[in-house]
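Read the figures in this text as sums done on the coordinates, not as results from a lab. Just so it is clear, the structure is predicted and the values come from calculations on it, not from any experiment. Glycine gets a Cβ as well: all are built from the backbone with ideal geometry, and neighbour counts include every protein chain shown.
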Amino acid sequence: MAIKSQPSLQVLINSVIALYSNSQIEEALDSVRNLIKDYPNEAILYNISGACYASLEQLDTAVKQYDKAIAIKPDYAEAHNNLGVTLQDLGQLDAAVKSYELALAIKPDYAEAHYNLGNTSKKLGQLNAAVKNYEQALAFKPGYAEAFNHLGIVLKELGELDTAVNSYEKVLAIKPDFAEA
């Protein structure tokens, strides 16, 4: 008689990510909670849990989950970035900046963290820093339409209209149906 093998942890994680990606957030959260019971030292599970809670607008709980992921794996750039996004949503902009900077210290080519740092810099009124961060995001991810769009917004605010229009044109070249551009 053959012994039925258990699916690998990666297969289980992929199924949770698929639920999350299909906007089945409650189901993903239930699944990841069960996985955490069996695998309490897997940082990725707390990161996924944090993303689920953030999607459900339970931001304080999301922060706690990201903190757990980082406690297990301090060099987890994605968890630092996700924590930054959640802190920004909570209005804790200085703390968000620190999280993005930690993510970038770990993974300097992390385009999304550069982009998010640009968004926070913009909210802080640091428009030149925002431009620099969006440009860094684009250096690492040249087809990043959202970064081109936000770069255009900031350049327009700085009065650099020709350069802003150029950014918007790049957005539309990448995503012709991008409504914001």
Over the chain, the sum of -39500 (n - 2.57) across DSSP H runs of at least four, divided by residue number and rounded to 500 deg cm²/dmol, gives at 222 nm -24000 deg cm²/dmol
Going fewest to most other Cβ atoms within 10 Å around each Cβ, 70, 106 line up as 106, 70
Which whole-number percentage describes the relative contact order of the chain, with Cα contacts under 8 Å and a sequence gap of 6 or more? 10
How would you classify segment 111-181 from its alpha-carbon gyration tensor, with a ≥ b ≥ c the square roots of the eigenvalues: rounded for a/c under 1.5, else prolate if a/b is greater than b/c, otherwise oblate? oblate
I need 160, 26, 112, 57 ordered by Cβ neighbour count within 10 Å, fewest first. 57, 26, 160, 112
Nearest 0.05, what FRET efficiency do residue 10 and residue 124 give at R0 = 41 Å with Cβ-Cβ as r? 0.60
Quick calc, residue 175 & residue 75: beta-carbon distance into FRET formula, R0 45 Å, rounding 0.05, result 0.85
Label point 7 Å out from residue 67 along Cα-to-Cβ: which residues of segment 87-112 have amide N under 18 Å? 87-100, 102-103
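Let's test the formula: R0 of 41 Å, r as the Cβ-Cβ distance of residue 109 and residue 162. What FRET efficiency results, to the nearest 0.05?
Plugging the Cβ-Cβ distance into 1/(1 + (r/R0)^6) gives 0.90.
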Of every Cα-Cα pair in the chain, the percent that sits beyond 24 Å: 46
